[in-house]
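One structure is given below, encoded as structure tokens.
The values are calculated or read from the model by the stated rules, or taken from the named source; none is laboratory data. Computed from a predicted model, the values in this text were never measured in an experiment. Note that we place each Cβ from the backbone using ideal geometry, even for glycine, and neighbour counts take in every protein chain shown.
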Amino acid sequence: MSTTLRFELRPTLTNASLNALFSAGSPGQGWPSWQRQPDTSDWQPVLARSLVYVCAFDGDRLVGFVNVAWDGRDHAFLLDTRVHPDCRHRRIGTELVHRARDAARGAGCEVLHVDYTVELGPFYTSCGFVPTPAGLIHLG
């Protein structure tokens, strides 16, 4: 990892920095539209409601992000894990997830959930998640 790489919990973020990361790190063609993040999102309501979010910066550049939503009690939900394509395979994503896990535990959560597509299974398994059956209703 770069010597300028740093991780922060709940830093001030602009929509532009998050949209740039998600535009660069979004799944491409062949993915359902609901799995592609538009590059003009207003992230401020999301950030305001998050239990925590963790960011990775290389210098001043946002290169990684993960959000933790929750039910207000003991269940937390990992969302929107992204690492810039130029920075992948450097364990940044794993560190983001571990810091998010630790923050959720510190807030009193007992369970951290994550949904993912099949190709991301090895990543989340390496982060300590155990696959479980789940259900999904597509509302769009």
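Structure values in brief
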quantity: Counted residues, the stretch 88-140 - those being more than 24 Å from residue 73 (Cβ to Cβ), polar (S, T, N, Q) and in a loop (DSSP other than H, G, I, E, B); calculated: 1
quantity: Filter result (free of Cβ contacts under 8 Å to residues at least 24 places away in the same chain, of a type in the set (S, T, N, Q) and surrounded by 11 or more Cβ atoms within 10 Å (Cβ to Cβ)) within the stretch 89-140; calculated: 125
quantity: Odd one out for residue 45 among (1) surrounded by fewer than 16 Cβ atoms within 10 Å (Cβ to Cβ); (2) assigned to a helix (DSSP H, G or I); (3) at pLDDT below 95; calculated: (3)
